[in-house]
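Quick one: this structure, given as structure tokens, is what I'll be asking you about.
The values are calculated or read from the model by the stated rules, or taken from the named source; none is laboratory data. Computed from a prediction, not measured in an experiment: that's the story for all the values here. We place every Cβ from the backbone using ideal geometry, glycine too, and count neighbours over all the protein chains shown. To get the accessible areas, we keep the full protein, side chains included, count just its heavy atoms, and leave off ligands, DNA and RNA. Shrake-Rupley method; radii C 1.70, N 1.55, O 1.52, S 1.80 Å.
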Amino acid sequence: MKLFIRDSPRAIALATDTYVLILRHSSASVSNSNAGSSTSIPEGGAPRCIVEFSPWESQDMSSYRSLTSMKVQGTLGLVTIAGGTGDVFLCVVNSSSHVATVRPGETVQRILGVEFHCLTTSNYDYLLNEQVNPFPTDGLDADGYDHGPRHTGEPILEHPCMALKKLLSGGSFYYSADFDLTKRLQDRPASGSTVALESLEDGFLWNTFMIQPLVEFRSRLSDREKESLDRSKILTSAIRGFAATVTVPAASSPARMRKEGFPSNMTLISRLSCRRAGTRFNARGVDDDGNVANFVETETIFATDSLVFSYVQCRGSVPIFWEQASGLPGQQKITITRSADATKPAFDKHFDALTKAYGDVFVVNLLSEEKSSEVQITRRYFGHIEGSPLNHIREKGQGGEHMQLRHLNYDFHAQTRGPNGYEAASGIRRWIEEAAVGFEYFLAQETGGEEGRRQSVAGANVVLEQSGVFRTNCLDCLDRTNLVQTIISQLAVEIFLRQQGERSPTSDFWARHGTLWADCGDALSKIYAGTGALKSSFTRSGKMSLAGALADVRKSAQRLYINNFEDKGRQGTIDLLLGQMAVQLMDPINDWVMAELTRRAGEYSAKEEISIFVGTFNLNGKAAGPEDDLSLWLCPEVIQTLPAADVMGVAFQEIVNLDVQQIMSTDPHRRSAWEEEVRRTLNTNARERGSDEYVLLRGGQLVGASLSVFVRSSVLPFIKNVEGAVKKTGMSGMAGNKGAVAIRMDYADTSICLVTAHLAAGFANYEERNQDYRTIASGLRFNRDRSIEDHDTVIWAGDFNYRIGMENERARMLVKKGDVGTLYENDQLNLQMVHGRTFPFYTEKTPTFMPTYKYNLGTDEYDSSEKARIPAWCDRIVTRGDNLRQFVYDTAPLKFSDHRPVYGYFQCTVSVTDQSKKDKISGELYAKRRVTVGSHTAAKGDESDDESLLGYDSVEPGLPPASSEKRKWWLDNGMPAKSTVKPPGNGYTPNLSRPANPFSPTSEPDWVKVDRPDLPSRTASAASNVSRKVAPPPTSSQVAPPPPPPRIKPSDEPENRVHLKQTLRKPAPPPKPSKPTLLRSESNQSTSSLASNRNAVVPEPRRVLSKPPEVQPRSVSQATTGSSIDRTIQKSPPQPPPPRTVRRAVEDDNPPLPPRRPTNGLMDERGPEQELSDWVPLRPK
């Protein structure tokens, strides 16, 4: 396979001996928000490419050149870097090595090198030769370089895809051009000789985003073209994990028909899931879709000359919502982030998917029973298992219950602490052997061939299928898990050989088996933790040694460094690979369908109203609150007549005393007590109202600030992607006494973010509070680098500490009068928001309650201490989002703190999409438009005028058709655009507030009605204008002049040319014709003057002064260039020019200037001694 490039216009071709795949970037497809509109751009502005697959002989390849002499093994797909320049890159595999042979004709390649070729520009071609170390070791950092100072030979300009190149070239990615590597042997068709791209397992396909556009292109080809594309092996599917094969000599291999011939193969394939992928401390637990971190499916395959054996087991993080902070040993604190009720839907999704894929599930939990952090995870884990519906399914025809989900808690460290060390771990066999026998294994046996000739096992008969799976986990699912999975794999092979009546294998056989598993453990550990697996020396040899123990110490130290300093960058590159912007292939049908789907969004999506309650309370460090009745705050009478809130956000500040010990750490016990009391209060009220009970979705805490989100149990299925984040602002970001806690979620198709913040204190420190807001808004980040402002709906609630800027006595007097309006006019937050210095684009409902700070404890009196603080609205709620409507903003009479709690009740409009209905409409639209659009290829040199317009009609009847990059309707035939659109009625005019781009979404109407006031009579005004602007009729001897020529530059004017001097205008009426103000020279040469005509109007002066400046002496040249008015007329030959009568122009639009006499001469500014010495008055005849 070769790669060819055409420079102009830019195109890339992947060619085999018989077929060629050509890709070309579509220049009209990249959306530019600053440019005009383009109706041929799909919503979202994703770059598009044109692609064609055709036989080699049908293409003219003379304009293409080979960019590299190396052959390519296939393409991983197309990629564009989000937030970049919009350039599109084709990723090709240019270096790989053969690592495994599963069965004859089924090989696995390890990717060692990739290249990214740009489809849009040649600027990056010279950067393609940058090499990445293809042999990563424990001594390499996340970027593929050795630890230590970087070499100085690095190019200044780095390829935009260099981070992806380093990741894909790191040796952890594998592909096969012979079979579907994403599926286990049992799930692959027995006769499948090619990769069925449409049936790839998305969960293990790491280049899903890159290859998906080409897979969709393939789906639109004919059956013959699909078969040809598959045979060409151009499209490549990649997995991440491990794959290797070791050969077993025929003489020592069990389960063979003959003891000579080709050796047997033992293969190990581990497939790491690309869902919830990430590094050790960045990806833990489960997500709302049931995907867990570090989920790996490992398949042991043993193929002989007569049969093939396969056994699958899996590992993965504990499927509950939990997180672990990075740091030094002892500081890696584990936090369970959701309640059991809120975790149950995701937990059930995870095990439902496992049972559908593998059958019954046996959980092997290796967590410690002594470490408190691991104990709390185990208790929650087993609580969910015991309550799982999978354990309460009755078998048909049986009275008992079949346990589809069983579990075993095996404390690995406790079991291996004795003198036998890790060898004692084999004691787990007696607990799992019965389940292993029941799960069986996959076995395919070939049918006998003629004369004993060997046949491919691909055509073998299936004898047995595996019906269950072991799911093993520890904390990281690396070291302990890998050792126990090795034991389970060995047990499965022994059961298989025993049932086949084979003798026990030799020690050499088991040594090869152990080597495979040790290499697998190292590979998976490098991906997740950055180093090889611990205990791998025992897995490899079956014995403990001093060298192995020292190697484990070294790896632990390296993990500590990598996890704390490099995992963030590695996580960003993984997110880039799995979540980057998809490239759209040029498809006129698809573009039209997307436009139609947007227009018909109302048919498959709906707007629903949900209710959100948000409350905030500064507890002042008091612990006596939970005994009080919180219903006055959380369930006030004013909202009892409104629908029960679907989402409850409860925020606390100073939940603990902010002393030195608490500032540097977080005590979660106080928050847990308050959460329990809040949940009890909410559910008590819910039962009284007959509504669903509330469950704790997630909680977060930063020292004294905490945020807990409760939701009704009935809305849990609509909520996903729940995340939490904190940001410290105290002591320049080092301490958590001030800062913010945020929790985000997706409710259906609407993203919601709730934030509580405790900002800087002090009356005059409003600038510090503004800076705290900016620090939180820009620095608080969720996964995939999402910020607070990246959400559709944002609600902040907390102790913002803004004060009322007036004297204490006056403020207290206004409080007694109940003058909330005057107080709010002097509120610091209100003033700062009005001036745009904090919370830009946020709104706050005007408070109607008294200031919430500072009260004497247990009373309604404001601070009477020596400090006598000014009353203030420290506790606030501000919102952002056009889908929010606030009904209530009030305070509650809880008096055990020096603050009063504040709450708000909102109605939020969310968008809910019916995906099945949308897919149905999309299919119908495809079928409708397929006939009307012809074929368009990428091999053409340029796009045709209509290429980007196919399938596009006018926006409305009467409007011009859509425009392309080369044909614009407003330039057709050199004529201006015309439209037959008429206003809807008299008095309507186009709305000037609409954006210039007619296709930009806006709520502004197209037309607005303008009421015209009664105007004075135009007759008198017109007559006045004529009398003031029209010169007297000329005499019979006067000749009408031609139109005035362009103004002559002063440098080109003759020295003896006469100019008119613009003088200051007086408020008096225009002068009579008999009293001219024009002077002329005694020279006999002709002079320039103004023509007089009945219809001619004297032009306005070129310079208008806003006020009369003082006249300063100027030279003649300055007067000439200042405001002279030149006109050229047709001269009558021998006689001198007749006298001219000129009126001064009077501007109607400017007020008359006051009369003023200049101090110097009127026309001459050369000095008093030369005043008017060369001038004589021009008198009429």
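So, in the range 631-653, how many residues would count as being open to solvent by 20 Å² or more (accessible area, probe 1.4 Å) and assigned to a helix (DSSP H, G or I)?
Here the count works out to 4.
Residues in the range 251-290 that are in contact with a Ser or Thr (Cβ under 9 Å, 6 or more places away or on another chain), among the small types (Gly, Ala, Ser), modelled with pLDDT under 90 and closer than 27 Å to ASN207 by Cα: how many?
Count: 1.
Per-residue answers, yes or no, for (1) at pLDDT 95 or above; (2) farther than 24 Å from PRO901 by Cβ; (3) open to solvent by less than 50 Å² (accessible area, probe 1.4 Å):
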residue	(1), (2), (3)
PHE763	no, no, no
GLU767	no, yes, no
GLN771	no, yes, no
GLY779	no, yes, yes
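Counting just the residues of the range 11-27 that are surrounded by fewer than 18 Cβ atoms within 10 Å (Cβ to Cβ) and not acidic (Asp, Glu), which one comes out modelled with the lowest pLDDT? Spell out the reasoning first.
Just the residues of the range 11-27 that are surrounded by fewer than 18 Cβ atoms within 10 Å (Cβ to Cβ), to begin with: 16-18, 27.
Going one step further and asking which of them are not acidic (Asp, Glu), we end up with 16, 18, 27.
On the way: THR16: 90, THR18: 90, SER27: 61.
Taking the candidates together, the pick is SER27.
Please name all residue pairs, on different chains or six or more residues apart, with Cβ atoms under 9 Å, provided the first residue is in the range 596-615 and is more than 30 Å from VAL678 (Cβ to Cβ) and free of Cβ contacts under 8 Å to residues at least 60 places away in the same chain and the second residue is open to solvent by less than 30 Å² (accessible area, probe 1.4 Å) and assigned to a strand (DSSP E or B).
Short answer, once both residue conditions are applied: ALA601/SER911.
Restricting to the range 53-97, what's the tally of residues that are modelled with pLDDT under 85 and closer than 20 Å to PHE209 by Cα?
Going through the range 53-97 one residue at a time, the tally reaches 8.
Something else about it: Inspect all residues belonging to the range 417-425 and state whether any of them is of a type outside the set (Lys, Arg), closer than 16 Å to PHE496 by Cβ, at pLDDT below 80 and open to solvent by less than 80 Å² (accessible area, probe 1.4 Å). Outline the logic, then answer.
Filtering the range 417-425 down to residues of a type outside the set (Lys, Arg) leaves 418-425.
Retained after the next criterion (residues that are closer than 16 Å to PHE496 by Cβ): none.
Within the range 417-425 (the criterion being of a type outside the set (Lys, Arg), closer than 16 Å to PHE496 by Cβ, at pLDDT below 80 and open to solvent by less than 80 Å² (accessible area, probe 1.4 Å)), the answer is no, since none of the residues qualifies.
Okay, moving on. Looking only at the range 361-372, decide whether some residue is within 36 Å of the chain's Cα centre (by Cα) and of a type in the set (Phe, Trp, Tyr).
no
Show the residue pairs meeting these rules: Cβ distance below 6 Å; 6+ apart or different chains; first residue within the range 334-350 and touching a residue at least 40 places away in the same chain (Cβ under 8 Å) and under 15 Å from LEU716 (Cα atoms); second residue part of a loop (DSSP other than H, G, I, E, B) and not basic (Lys, Arg).
ARG338/PHE321; THR343/ILE320; THR343/PHE321; ALA346/ASP288; ALA346/GLY290; PHE347/PRO319; LYS349/GLY290
Could you pull out the residue among ALA303, ALA293 that is crowded, with 24+ Cβ neighbours inside 10 Å, over 30 Å from the mean Cα position of the chain (by Cα) and modelled with pLDDT under 95?
Numbers: ALA293 fails: over 30 Å from the mean Cα position of the chain (by Cα).
Step by step, each of ALA303, ALA293 is checked, and only ALA303 is crowded, with 24+ Cβ neighbours inside 10 Å, over 30 Å from the mean Cα position of the chain (by Cα) and modelled with pLDDT under 95.
Follow-up. Test each condition in (1) free of Cβ contacts under 8 Å to residues at least 12 places away in the same chain; (2) within 22 Å of the chain's Cα centre (by Cα); (3) in a loop (DSSP other than H, G, I, E, B) for ARG781 and report the one that comes out false.
Looking at each condition in turn, ARG781 falls short on (1).
State the number of residues belonging to the range 209-251 that are open to solvent by less than 30 Å² (accessible area, probe 1.4 Å) and among the hydroxyl-bearing types (Ser, Thr, Tyr).
4
Report every pair of residues separated by at least 6 positions or lying on different chains whose Cβ atoms are under 6 Å apart, first residue within the range 850-867 and in contact (Cβ under 8 Å) with a residue 12 or more places away in the chain, second among the small types (Gly, Ala, Ser) and surrounded by 13 or more Cβ atoms within 10 Å (Cβ to Cβ).
Listed pairs, sorted by first residue: PRO851/ALA872; TYR853/ALA872.
Name every residue in the range 503-546 that is at pLDDT below 65, within 22 Å of THR267 (Cβ to Cβ) and open to solvent by 40 Å² or more (accessible area, probe 1.4 Å), in order of residue number.
Within the range 503-546, ARG540, SER541 meet the criteria.
Also, I was wondering about something else. Which residue is farthest from ASP882 (Cα to Cα), if the candidates are limited to the range 987-998 and must be out of contact with any strand residue (DSSP E or B) (no Cβ under 9 Å at 6 or more places or on another chain) and surrounded by fewer than 13 Cβ atoms within 10 Å (Cβ to Cβ)? I'd like the intermediate steps shown before the answer.
Initial filter on the range 987-998 (out of contact with any strand residue (DSSP E or B) (no Cβ under 9 Å at 6 or more places or on another chain)): 994-998.
With the extra rule that they be surrounded by fewer than 13 Cβ atoms within 10 Å (Cβ to Cβ), the set shrinks to 995-996.
Numbers: PRO995: 18, ALA996: 22 Å.
Going through the qualifying residues, I end up with ALA996.
Considering only residues that are in a helix (DSSP H, G or I) and either within 19 Å of THR848 (Cβ to Cβ) or of a type in the set (A, V, I, L, M) (or both), which ones fall in the range 796-823? Steps first, please.
First pass over the range 796-823, keeping only residues in a helix (DSSP H, G or I): 808-817, 820-823.
Within the range 796-823, ALA811, ARG812, MET813, LEU814, VAL815, LYS816, LYS817, VAL820, GLY821, THR822, LEU823 qualify.
Checking ILE921 against (1) at pLDDT 90 or above; (2) open to solvent by less than 40 Å² (accessible area, probe 1.4 Å); (3) of a type in the set (A, V, I, L, M), only one condition comes out false. Which one?
ILE921 satisfies all of (1) at pLDDT 90 or above; (2) open to solvent by less than 40 Å² (accessible area, probe 1.4 Å); (3) of a type in the set (A, V, I, L, M) except (1).
Now for a different question. What do you reckon, is VAL888 assigned to a strand (DSSP E or B), crowded, with 19+ Cβ neighbours inside 10 Å and in contact with a helix residue (DSSP H, G or I) (Cβ under 9 Å, 6 or more places away or on another chain)? Even if it seems obvious, please write down each step before you answer.
Working: assigned to a strand (DSSP E or B): yes; crowded, with 19+ Cβ neighbours inside 10 Å: no; in contact with a helix residue (DSSP H, G or I) (Cβ under 9 Å, 6 or more places away or on another chain): yes.
No; evaluated as a whole, the condition is false for this residue.
Answer yes if at least one residue in the range 362-377 is under 21 Å from PRO345 (Cβ atoms), assigned to a helix (DSSP H, G or I), touching a residue at least 12 places away in the same chain (Cβ under 8 Å) and open to solvent by less than 50 Å² (accessible area, probe 1.4 Å), and no otherwise. Working first, answer last.
Taking the range 362-377 as the starting set, the residues that turn out to be under 21 Å from PRO345 (Cβ atoms) are 363, 376-377.
After this cut, where a residue has to be assigned to a helix (DSSP H, G or I) as well, the list is 376-377.
Narrowing the set further to residues that are touching a residue at least 12 places away in the same chain (Cβ under 8 Å) leaves 376-377.
The next check asks that each one be open to solvent by less than 50 Å² (accessible area, probe 1.4 Å); those that pass are 377.
Checked against the condition, which is being under 21 Å from PRO345 (Cβ atoms), assigned to a helix (DSSP H, G or I), touching a residue at least 12 places away in the same chain (Cβ under 8 Å) and open to solvent by less than 50 Å² (accessible area, probe 1.4 Å), the range 362-377 yields at least one hit.
If we scan the range 618-630, do we find a residue that is assigned to a strand (DSSP E or B) and either at pLDDT 90 or above or open to solvent by 10 Å² or more (accessible area, probe 1.4 Å) (or both)? Before the answer, list the steps.
As a first pass, look at the range 618-630 and keep what is assigned to a strand (DSSP E or B): 618.
Subset that is either at pLDDT 90 or above or open to solvent by 10 Å² or more (accessible area, probe 1.4 Å) (or both): 618.
Looking through the range 618-630, at least one residue is assigned to a strand (DSSP E or B) and either at pLDDT 90 or above or open to solvent by 10 Å² or more (accessible area, probe 1.4 Å) (or both).
Out of the range 211-256, which residues are without any contact (Cβ under 8 Å) to a residue 60 or more places away in the chain and of a type in the set (A, V, I, L, M, F, W, C)?
Answer for the range 211-256, where residues must be without any contact (Cβ under 8 Å) to a residue 60 or more places away in the chain and of a type in the set (A, V, I, L, M, F, W, C): VAL215, ALA250, ALA251.
Now, a different point. Look through the range 793-849, keep the residues that are among the polar types (S, T, N, Q) and without any contact (Cβ under 8 Å) to a residue 60 or more places away in the chain, and return whichever of them is surrounded by the fewest Cβ atoms within 10 Å (Cβ to Cβ).
THR846
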